[in-house]
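Values in this text are rule-based calculations from the coordinates and carry no lab data. Just so we're clear, the structure is a prediction, and the values are computed from it rather than from any experiment. Positions of Cβ are backbone-derived with ideal geometry, glycine not excepted, and every protein chain shown enters the neighbour counts.
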Amino acid sequence: MSAVAPDTHLPATGGARVPPPAPRSKPPGTLVVVAALLRKELLVELRTLESVPGMSLFAVSTFVVFHFALNRSSVDGDLAAGVLWVTLLFAAMLGVNRLFVADAEQGGFDGFLLAPVDRSAMLAAKVLALLAYLIVLELVAVPAFGLLLLGPSLGHALPGLLAVLALADVGIAVIGTLIAALAVRTRARDLLGPLLALPLLVPVVIGAARASSPLLALGGHGGVGGVPIKWLATLGLYDLVFGLIVYAVFEFLLED
Amino acid sequence: MNSRGLRVLSISTVAAFCVSLCLVFFYAPIEAEEGFLQKIFYLHVPLAIVSLCGFVIGALLAIAHLRTGDQRWDLRSYVAIHMSLIFGVGVLLTGSIWARGSWGHWWVWSEPTLVSFLIVFLLYATYQPLRFAIEDPERQARYASVFAITAGAFVPLNFLAVRLSSSYLHPRVLGSSSNLPAPMALTFVVSLAAMALLFATLCSYEMTAKRTRILLKSRSRILGYR
């Protein structure tokens, strides 16, 4: 609508040219809000370094623990996929637990709710932030896994593995954000987060581990051709369905 | 529900269970391969179906709560999920006994339905810890509803994923009710109806007890008792 309604608050200026009032009543578009929130998230993380370094360090330590617990100097196939996904999942839980803590404790929720913007912008920004954390985590953890534990060379598996990682990350980020928002207002949030998230993420683990085990097998055929399409499709479907569900219910977690 | 409705429901549940037990033990034929052990099928499968339906009903009631904001829907959703969890313990126990009897192990990972049920059960086992870790009653109801909806949608998806992960390795051995002989199918349907009635009865009792407690609390507050 380009027609401007006559503004009764302006004083009469006797026919002089009045500059048009600044369009301050128009709320910013959702994309702008998401970008602003995401920038805030990443900036806070960059300044405090609360989540990502911890997650990465946890992943590398877990590989060392796996080495001794399994008493193996190298793993491949099913075992490699299992070790990789268990480690990534548990490291992701650390990030999930911290995701909304600053908002709940330092008034971030109140500030956001006071702003006249779309509520789902927060969901999108948090999902993207968690996704960014996961990508940084994997930039550290996957090469470390290739170096420390994996028997076959990582280079062969990498193209296919990237597709699996991307799809699984979306699922973990979407479900992780919902669970983080659910758990952050409870008394035992550090306990409840993983308890709620692990069963919900079992299908992601099934899909990701089954898809990556042929890639990480000794003499396995790497590349995108080696990825079982069935599992990628399952992961994609799961991401899509949960994305829609979380989009539908997330608003109710912010309503106060 | 008033006391008369509860009485009718209870009596019909007892009657349905008598009929179904008579059918199970005296009418349904002994299965050729598994023998007498197969009778647990008439307990295990109805329990599982009723329990899963209860979870999904809990999700639907939670949707009604979020749409209307009426706390009574949340109470219904809570009762449905609570009762389904109790039935779920029965499912896992009877499934375990059945697995021990027919495969020799208390737990088998190759039976996708049982494995999926365990995952669903583990997820719903966090419903009450989540709920009672939130103090504000209004927020408690809202968060519990969000959980119930998410988990209710998770039930079919999880079954799909677990089934995909094992169906190509292990053909389904049993548990399929589509090609049962007629006497077994009849017995199964009656058992399922009896189990559904039991679920409805127990839910009504719990609802009535909760409503009475709420009423009692508000009355004693009016009268000034602590």
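Before moving on, here are some points about what is shown:
- Shielding by partners, peptide A:170-183 (average Cβ within 10 angstrom, other chains): 2
- Top of B:PHE117, B:PHE55, B:PHE132 by mean-square fluctuation, Gaussian network on chain B, Cα under 10 Å: B:PHE132
- Using a Förster distance of 35 Å, the FRET efficiency for B:ARG213-B:VAL189 (Cβ separation, nearest 0.05): 0.45
- Per the Kirkwood formula applied to alpha carbons, segment A:88-191 shows a radius of gyration over Rh ratio, Rg over Rh, of 1.08.
- Residue ranges A:46-53, A:142-149, B:143-150 sort as B:143-150, A:142-149, A:46-53 when ordered by packing (mean number of other C-beta atoms within 10 Å per residue, highest first).
- A simple packing score, the average count of other Cβ atoms within 10 Å per residue, orders the peptides A:128-139, A:59-70 as A:128-139, A:59-70, with the highest score first.
- Assigned charges on the beta-carbon of Lys, Arg, Asp, Glu; segment A:44-253 dipole about Cα centre (debye): 260 debye
- Inter-chain shielding of A:197-208 (mean C-beta neighbours from other protein chains, 10 Å cut-off): 5
- Ignoring the sites themselves, chain B has its longest run without GluC sites (Glu not before Pro) in a DSSP loop having at most 16 other Cβ atoms within 10 Å at B:35-134.
- The protein assembly as shown: C-alpha gyration tensor shape, a/c 1.5 cut-off, then a/b vs b/c: oblate
- Point-charge dipole on Cβ atoms (K/R +1, D/E -1) for the protein assembly as shown, about Cα centre, debye to 20: 1360 debye
- The long axis of helix B:137-166 is offset from the longest Cα principal axis of chain B by roughly 10 degrees.
- For peptide A:233-241, the mean count of partner chain Cβ atoms within 10 Å of a residue's Cβ comes to 2.
- Bins of 5 Å from zero: percent of alpha-carbon pairs in segment A:112-256: 2, 10, 16, 19, 18, 14, 9, 6, 4, 2, 1, 0
- Once the Cα atoms are used to define both axes, helix B:112-124 deviates from the longest principal axis of chain B by about 10 degrees.
- Volume of the convex hull of chain A (Cα atoms only), normalised per residue: 169 Å³.
- Helix B:41-68 axis versus longest C-alpha principal axis of chain B: approximately 30°, rounded to the nearest ten.
- Near B:ALA64, once Lys and Arg are set to +1 and Asp and Glu to -1 for all other residues with Cβ below 14 Å from its Cβ, the sum equals +2.
- Close amide H partners of A:LEU150, meaning residues 5 or more places away or on another chain with modelled amide H under 5 Å apart, are A:VAL75.
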